[in-house]
Structure formats: structure tokens, C-alpha cells
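Student: What follows is a single structure, and I will ask about it in a moment.
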Amino acid sequence: MLFLRKHLHKEVVRIAERLRQDVEACEFSFGWRLTTSIGIAIRPETKSLRTSDELIKAPDELIKAANDAMRQAKDGGGNRVIAGAA
């Protein structure tokens, strides 16, 4: 699990996709091909105008959202990046 601060959504997806591609490109002498499924959840930096805490996610909610996105990536065939809702 990675925690990236001060990154925009597009940047986080780009970083995750680059990591996924780098893992896939690794060649191992024992013949295995590794892939990775990555789930992304981003905590909004701003508060909602309706209630002060509506958009701010607790750490466990953020982890669950990332895990759900990762599960979706795996269930979709794996070796992909999914940005879920947080």
C-alpha cells in the first residue's frame, strides 16, 4: 500500500500504471511472469459545503475503498489499475 500526499488524481493513476508496467516488464530466470492489480482511493483535500466532514474519509474507509478497487481490478482479469471512489 502506498500513501502519496499532494498528488492529483491523474498523477496517482499515472504513477500506479507505471508501477504496473514495470512489474510486468520484469523478467525472471525461473520463467515466472509477474503482474499486479492496483486499486486506488484518493482522499479529497477539500471539505464539502453541505457538512464539514462529509468528504473527509477516515483511514479505514480509505483503505477499504482502495481494497475494493483492487478487488475490482483482479476480478476484471488482473494486471490493471482501477481508481475507485473514496
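Student: So how much slack lies between Asp75 and Phe30, counting 0.36 nm per residue of separation and subtracting their Cα-Cα distance, in nm?
Tutor: Going from the current span to full extension adds 13.5 nm.
Student: With θ set to phi - 60° and the Karplus curve 6.51 cos²θ - 1.76 cosθ + 1.60, what are the ³J(HN,Hα) couplings of segment 6-16 in order, to the nearest whole Hz, using x for Gly and Pro?
Tutor: Going residue by residue, I get 6, 10, 6, 3, 4, 5, 5, 4, 5, 4, 5 Hz, with x marking Gly and Pro.
Student: Using a 7 Å offset from Cα along Cα-Cβ at Asn67, what residues in segment 1-25 end up with backbone N under 13 Å from the label point?
Tutor: 1
Student: What order, most packed first, do the peptides 20-28, 70-78 have when packing is the mean number of other Cβ atoms within 10 Å of each residue?
Tutor: Ranked from most to least packed, the peptides come out as 70-78, 20-28.
Student: Now a separate question. Highest mean first, how do 1-7, 58-64 rank when packing is the count of other Cβ atoms within 10 Å averaged over residues?
Tutor: 58-64, 1-7
Coordinate-derived values only; no laboratory data. Keep in mind the model is a prediction, meaning the values are calculated, not measured. When we count neighbours, we look across all protein chains shown, and the Cβ atoms used for this are built from the backbone with ideal geometry, even at glycine.
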